[in-house]
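Written below as structure tokens is the structure these notes are about.
The values are calculated or read from the model by the stated rules, or taken from the named source; none is laboratory data. Source: prediction; values computed, not measured. Cβ placement follows ideal geometry from the backbone for every residue including glycine, while neighbour counts extend to all protein chains displayed. Heavy atoms of the whole protein, side chains included, go into the accessibility calculation; ligands, DNA and RNA do not. Shrake-Rupley method; radii C 1.70, N 1.55, O 1.52, S 1.80 Å.
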Amino acid sequence: MNVSKLAPRVRAKNAGPFRLTIDCFCDSDAAYRQLSTALSSEVVAAAFALPVAQLQRFELDTLNVLKFSLPRPLVQGGVGDRDQHGAQWARVIEALPLP
């Protein structure tokens, strides 16, 4: 099973020129609780080759949303930035396997 089975909508968005935010939307309390337990900050940080200290995790219980914020690999709009809105980063989270 991967993240997309518990969070059918995973969205990445630009959070300014230096950060990206990835939201995992669950359809139920049960799926949200399962995802919150199974998807650790360490796993997400490893997927992006980041130290876990650079990753921020937010649990929005009332909305059934698990959110991660991380530094952009390149400054938005800088030379070499191929994804100014951060949209492709959601696919990395969606594909992560869960125990």
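Looking across the stretch 71-99, just one residue is surrounded by 11 or more Cβ atoms within 10 Å (Cβ to Cβ) and on the phi > 0 side of the Ramachandran plot, and that is GLY86.
Considering PHE68, PHE48, PHE25, the condition of being within 11 Å of the chain's Cα centre (by Cα) and open to solvent by 30 Å² or more (accessible area, probe 1.4 Å) is satisfied by PHE25 alone. Listed by first and then second residue, the pairs linking a residue in the stretch 42-71 that is under 21 Å from ALA30 (Cα atoms) to a residue that is of a type in the set (Asp, Glu) and surrounded by 15 or more Cβ atoms within 10 Å (Cβ to Cβ), with Cβ atoms under 7 Å apart and 6 or more places separating them unless they lie on different chains, are VAL65/ASP23; LYS67/ASP23.
Per the conditions (1) touching a strand residue (DSSP E or B) at 6+ places or on another chain (Cβ under 6 Å); (2) part of a helix (DSSP H, G or I); (3) among the aliphatic types (A, V, I, L, M); (4) modelled with pLDDT under 95, the sole criterion not satisfied by VAL92 is (1).
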